[in-house]
Amino acid sequence: MFFVALPIVLKAADQTFYLSFASRVLITALAATSLNLVLGYGGMVSFGHAAFVGTGAYVASIALAEGIPSAWIGWPAAVLASGLAALLIGAISLRTRGVYFIMITLAFAQMVYYLVNSMKAYGGDEGLTLPSRASLGLGPDLGDELTFYYVVLAILSLALFSFHRLIHSRFGRALVAIRENEARAEALGFPTLRYKLVAFALAGAAGGLAGALLASHGKYVNPNILHWTQSGTLLIMVILGGVGRLWGGVIGAAALLLLEHVMAEHRFAWLAALAPNYQQHASLGVGIVLLAVVLYAPQGIAGLFSKKTHA
Amino acid sequence: MLFFEQALNGLQFGLMLFLLAAGLTLVFGIMDMINLAHGSLYMLGAFLAAALVKATGSFVLGVLLSIPATAALGMALEVTLLRTLYARDHLSQVLATFALILILNEGVRIIWGTDAPLPMPAALSGPVELLPGMPYPAYRLLIIAVGAAVALALWLIVAKTRVGMQVRAGASNREMALALGIDVPRLFTFVFGAGAALCAVAGAMLAPLLAVQVGMGESILILAFVVIVIGGIGSIRGALVGSILVGMVDTLGRTFLPQLFGMVLPPQFASAAGPSIASVMIYLVMAVILFFRPQGLFPARA
Amino acid sequence: MLEVRNLRKRFGGIAASDGVSLQVKQGEVHALIGPNGAGKTTLIAQLSGSIASDAGEILFLGQDVTRQKQYTRVKAGLVRSYQITSIFQRFTVLDNLALAVQARSGSSLSFWRPVAAERALFEQARAVAAEVGLAGKEDALAATLAHGEQRALELGLALATRPKLLLLDEPTAGMGPEESQRMIELVDRLRIRVTVLLVEHDMDAVFRLADRISVLVNGRVLATGAPEEIRANAEVRRAYLGDAQSLEAVA
């Protein structure tokens, strides 16, 4: 309910920037949640998720750049493309496990990054500026921040609800079983590779949707969205928020983006006293916080509030 | 002529890549730990070399001193931080070493700034005539020589010495190595230190050719991953074959693929497709190899 | 029902299975015994599909399943249980068994309907829990069970898939005398419905349950026959050496 009320307040106070920021948080939450499906529930440490978010972003952008403004075409196309990419990459990567799998997903993501970087027709390494946001065609103007926010909220809510249903469905149970004890899961008769691949593809498709929304949001896309450090950032969000918990992606995305924003915009006097230009070395702080979380609070924020040991 | 020159460049790049990949594949194979900060050790090696060369005024001395310095730092890192990660799951290792990259990158930036130049020694900056009418940069020849020498030394140590045998045992079956009484923690520290030393050699040697800057470790790290995936985890032989393969394919691909495409495809496709495919050539090779051999070409474990 | 021909598997320099040939007839309890390191668990793994064989053939119900994936064999009714308990520690007993029931009853590519709504699934899971003696413990987390209860769950998981041939790997492993008795009685009750290939060290269990016995030594079947024949077989006694006493004792 907070999410619904907040923007009205913000719009009333004419805080368009924060409204836009809120949209970005929600979109990032979608991306992080899609990773959580594969990572938290599937147990697959995919270090290349940015490839799918980026593929979605670029497909949606290309549609807009080529004069197809309809979101009804651009966004499903993005979802399809990223889902397909995930299917292909997953088909090869999932035959490996452990350390191999992590490295391979990373490598394939870089491959997509380099591929996109070399596409001079769509901006290459300078990126692509878009003429406008996608259009829903029926009336609501996505160019308006408030409208865009509500559309994103609606999509995220639908996604989270679907995620909730999926976790409790047959597929969700089978997936968690595979995560917990893959050998026994197969010995019970589950086609483990097939199910992991389906989860991987679904997560990729959802990530692609987030990418498409992101492209419309900023009306700009550039290859950095595909860089492996972005995959790392998504992983950080999921572990920060709580791996394998429904709200993990949302909490993590919100927490990290808010933290970044606060660190950049506000000058903490006590930190400045220690190191005058601390804001330039923000990533040092992020690194230390991340290390601390990994070592001492691996269940993330959601884990601090719930003592669930159940699967 | 161009082909031969590029082939040598590929060999040179491949050998340097081998130095990184060798240390990394042992860490993966023996400790079963994924270490993203390995590239940072390479960066540290380069920065330390630049600083030491500046301080001592001698290229050779600076480079030589950077090696034990980096090894020491690597071992310190292992004993304090990385040891706690061995027992943890892979996700934790990924995130912790990712955090380490952020910390080390910023740390280096705070100490030395974003770049540190390391100029090529004047004596080696000219070309050498390999065959009549075929010049090749002397410095690159030095890199090939150093790379080959280190590869040989590494092979001798791993194949012929006692500690090498322990390393091989650990890579192929860690529990068995423990059961046989091998001092595993000390072995780990040693392997890590050796890996750091190799990184320093590569970092210092490549510094005059590439730029010494914060973040230089990450791009080469991913190539090292590709090498290990192709070669097989835990296998030095695999790392060597993989790195030469990757070095050659990448260098020759970038040079000749666009031309090849230009001969076969109509010009508007060739100019777009050529460079694109060239930049991802190694990943395609990796994908093909993985399709047939998901464990890589020479996996150390059964 | 099951025919194994010349099955082989090497691990590096060691031939764990060195030309194993045996047959399991429908409806029988066929025991597989042998000294430690004979290759019994490897054979079970090969038969179930956990590991791939280097050479030889496995025919189940007339079909060549040698190259088939494990989950395909399970669907056909060839199921194994594990000597070292392999259950889903963080699931409850009921959820453990429900998983097995879910696996055999249709596709799990269902993304919307909650499993909790499938009452038939859970009823069948409860039935299996009762059968293996875990009635009343359904809501306990598998990790909190005692060793004997975990072995019962282990067997329950295999049973819940409704196997035709059950590859039972040392069901009494690590159990005390009372628990072992209960397990033996349980297996005895099963024999009407399920054909069993039983790997066991507990000679008491073997001679009480087995219709026929095969002796595996060094990756090869030394002898197959009725319990009396095996007991009297000189080669078998030699292979067991120290265990010759225990063979006598059970006579």
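Throughout, read-outs are computed from the coordinates displayed, never taken from laboratory work. Quick caveat, the model's predicted, so the values are computed rather than measured. All Cβ positions, even for glycine, are placed from backbone atoms using ideal geometry, and neighbour counts span all protein chains on display.
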**OP:** Rank C:95, C:139, C:202 by mean-square fluctuation in a GNM of chain C with C-alpha springs under 10 angstrom and give only the top-ranked residue.
**Re:** C:139
Original post:
Once label points are set 7 Å from the Cα along Cα→Cβ at both residue B:173 and residue A:20, what is their separation, rounded to one decimal in nm?
Top reply: 6.2 nm
Subject >> Sum of -39500 (n - 2.57) over DSSP H runs of 4+, divided by residues of chain B (222 nm, nearest 500) >> reply: -26000 deg cm²/dmol
Subject >> Label-point separation in nm, residue C:130 to residue A:158, each point 7 Å along Cα→Cβ >> reply: 4.6 nm
Subject >> Total formal charge among the other residues, if their Cβ is under 14 angstrom from that of residue C:121, Lys/Arg +1 and Asp/Glu -1 >> reply: +3
**OP:** Please determine, in degrees from 0 to 90 and to the nearest 10, the orientation of helix C:177-190 with respect to the longest principal axis defined by the Cα atoms of chain C, where the helix direction is its Cα long axis.
**Re:** 80 degrees
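What full-extension length gain, to one decimal in nm, is calculated for residue B:128 and residue B:160 as 0.36 nm per residue of separation minus the Cα-Cα distance?
Once the chain is fully extended between residue B:128 and residue B:160, it gains 8.0 nm.
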Subject >> Reach of residue C:40 by Cα under 15 Å, taken over aspartates and glutamates that are not fewer than 8 positions away in the same chain >> reply: C:18, C:169, C:170, C:200, C:202
Original post:
In the Gaussian network model of chain A, springs joining C-alpha atoms below 10 Å, which of A:60, A:159, A:85 carries the largest mean-square fluctuation?
Top reply: A:159
Original post:
Any idea how far apart residue B:87 and residue C:228 come out in nm if each label point goes 7 Å out from Cα toward Cβ?
Top reply: 5.8 nm
Subject >> Amide hydrogen neighbours beyond the local backbone of residue A:142, cut-off 5 Å, H modeled >> reply: A:136
Subject >> the stretch C:91-138 versus the stretch C:17-61: alpha-carbon centroid distance in Å >> reply: 30 Å
**OP:** Just check chain A against the gyration tensor rule for me: Cα atoms, a ≥ b ≥ c as the square roots of the eigenvalues, rounded for a/c under 1.5, and otherwise prolate or oblate depending on whether a/b exceeds b/c.
**Re:** rounded
**OP:** Identify the residues of the stretch B:180-204 with backbone N under 19 Å of a label point that sits 7 angstrom from the Cα of residue B:54 along the Cα-to-Cβ direction, or state none.
**Re:** B:203-204
Subject >> Overall form of the stretch C:22-103 per C-alpha gyration tensor (a/c, 1.5; a/b vs b/c) >> reply: prolate
Original post:
What list of ³J(HN,Hα) couplings, whole Hz, do you get for the stretch A:51-60 from phi and the Karplus terms 6.51, -1.76, 1.60, once you set θ to phi - 60° and write x for glycine and proline?
Top reply: 4, 7, 4, x, 4, x, 4, 5, 4, 4
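Report the calculated FRET efficiency for residue C:14 and residue B:80 (r = Cβ-Cβ distance, R0 = 45 Å), to the nearest 0.05. Can you show the working numbers first?
Details: r = 41 Å, r/R0 = 0.91.
It comes out at approximately 0.65.
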**OP:** Give a residue-ordered list of calculated ³J(HN,Hα) values for the stretch B:244-252 (Karplus: 6.51 cos²θ - 1.76 cosθ + 1.60, θ = phi - 60°; whole Hz; x for Gly, Pro).
**Re:** 5, 4, 4, x, 5, 4, 5, 5, 5
Original post:
Which of the aspartates and glutamates could be linked to residue B:54 by a straight reach, that is with a Cα gap under 17 Å, when you skip same-chain ones fewer than 8 residues away?
Top reply: B:115
**OP:** For residue A:128, list long-range residues whose amide hydrogen, built 1.01 Å from N in the peptide plane, is under 5 Å from its own amide hydrogen.
**Re:** A:221, A:222
Subject >> Three-way shape call for the stretch A:40-116 based on the alpha-carbon gyration tensor, with the a/c threshold at 1.5 >> reply: prolate
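For a Förster distance of 22 Å, can you work out the FRET efficiency between the beta-carbons of residue B:211 and residue A:229, rounded to the nearest 0.05?
Working: r = 19 Å, r/R0 = 0.86.
It comes to 0.70.
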**OP:** Determine the gain in length on full extension of the stretch residue C:191-residue C:140; use 0.36 nm per residue of separation and subtract their C-alpha separation, reporting nm with one decimal.
**Re:** 15.5 nm
Original post:
If amide H atoms are built 1.01 Å from N in the plane of the peptide, which residues on other chains or at least 5 residues away come under 5 Å of the amide H of residue C:221?
Top reply: C:21
Original post:
Which of C:212, C:191, C:220 moves most in a GNM of chain C, Cα contacts under 10 Å?
Top reply: C:191
**OP:** Just list whichever of C:75/C:164; A:120/A:219; C:25/C:164; C:69/C:164; A:196/C:164 have alpha carbons separated by over 20 Å in the model shown.
**Re:** A:196/C:164
Original post:
Hey, what do the phi angles of the stretch B:180-192 turn into as Karplus ³J(HN,Hα) couplings, whole Hz, using 6.51/-1.76/1.60 and θ = phi - 60°, x for Gly and Pro?
Top reply: 7, x, 6, 6, 5, x, 5, 4, 4, 4, 4, 4, 5
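Would you please give the FRET efficiency between residue C:6 and residue B:110, computed as 1/(1 + (r/R0)^6) with r the Cβ-Cβ distance and R0 = 60 Å, to the nearest 0.05? Don't skip to the end; give the middle numbers.
Values: r = 68 Å, r/R0 = 1.13.
The calculated FRET efficiency here is 0.30.
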